[in-house]
Amino acid sequence: MTQTTNSRQHQLLGLYDSPFVRRVAVSMKHYGIPFEHLSLSVFRHMDAMRPLNPLFKVPMLTLPNGERLYESAYMLDYLDELAVERHLTPLTPRSGADRRQIQQLMALAMLGTEKAVAIEYERKRPAEQQWAEWTSRLREQMRQAFTMLEERLDGDFLFAGRLTQADISTVAGIGFIRYVLPHEWPAANYPALEGLVARLEASAAFTAVPIEE
């Protein structure tokens, strides 16, 4: 959906406690792309959200020309396009084997994150409606995804010794779990990922996008 806006900069809708919103915001900070942040919850701010985004889905990125993007993966692809135009190294290569490998690492990060989100939603259901076996399956999938990332992490970054979107997405996902579901994150099982989180959370791009709002 496209809508005209008077804004001359990008506008990002959604709370930073969403790992999907946060990975987009961190990527924009990394690239030095200014944006206005509309800190609205799809649950707590429905009246304010409705005229902006009747889908009630975040993140939503509004471009300076008024075009609206949904789904964080597409936003990241767009931001990588901007990076190339600005002669910056994109966080995900535009083609080739490196792109596929980084995308597979991102897929693991998002799989683990999405399972954690599903655990949180299940936890919010009335106790008599919660399905313990389903939560257990989600937990197993979440931990397996991060175990595979743990095994892949050799050095400071997940791929080729440099920062990529795989690192940002992984840290955004783990940040969500540690903030919302700390009891679901056995930190001792993931020493390498814990180190990655510590390094990136201390970086300028991440500190500019605090998960607490």
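The values are calculated or read from the model by the stated rules, or taken from the named source; none is laboratory data. In this text the structure is predicted, and so the values were computed from the model without any measurement. Backbone-built Cβ (ideal geometry, glycine too); neighbour counts: all protein chains shown. Surface accessibility is based on the protein's heavy atoms, side chains included, excluding ligands, DNA and RNA. Shrake-Rupley method; radii C 1.70, N 1.55, O 1.52, S 1.80 Å.
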Exercise for the section: Name the one entry in R86, R22, R94 that is charged (D, E, K, R), modelled with pLDDT of 95 or more and open to solvent by less than 50 Å² (accessible area, probe 1.4 Å). Expected result: R22
Problem - Selection within segment 139-154 - open to solvent by 10 Å² or more (accessible area, probe 1.4 Å) and either modelled with pLDDT of 95 or more or of a type in the set (A, V, I, L, M, F, W, C) (or both) - result: R139, E140, Q141, R143, Q144, T147, M148, E150, E151, R152, L153
Fill in the blank from the handout: From the option list G155, G173, single residue qualifying as of a type in the set (G, A, S), more than 16 Å from the chain's Cα centre (by Cα) and under 14 Å from V197 (Cα atoms) is G155
Exercise for the section: Could you check, for segment 105-123, whether at least one of its residues is in contact with a strand residue (DSSP E or B) (Cβ under 8 Å, 6 or more places away or on another chain) and surrounded by 13 or more Cβ atoms within 10 Å (Cβ to Cβ)? Expected result: yes
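Quick check on this structure: which one of E114, E194 is over 30 Å from E36 (Cβ atoms), part of a helix (DSSP H, G or I) and either touching a Gly at 6+ places or on another chain (Cβ under 8 Å) or at pLDDT 95 or above (or both)? First the steps, then the outcome.
On the way: E114 fails: over 30 Å from E36 (Cβ atoms).
That would be E194, the only listed residue that is over 30 Å from E36 (Cβ atoms), part of a helix (DSSP H, G or I) and either touching a Gly at 6+ places or on another chain (Cβ under 8 Å) or at pLDDT 95 or above (or both).
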Exercise for the section: Would you check if there is a residue in segment 178-196 being surrounded by fewer than 17 Cβ atoms within 10 Å (Cβ to Cβ), over 22 Å from Q103 (Cα atoms) and touching a residue at least 60 places away in the same chain (Cβ under 8 Å)? Expected result: yes
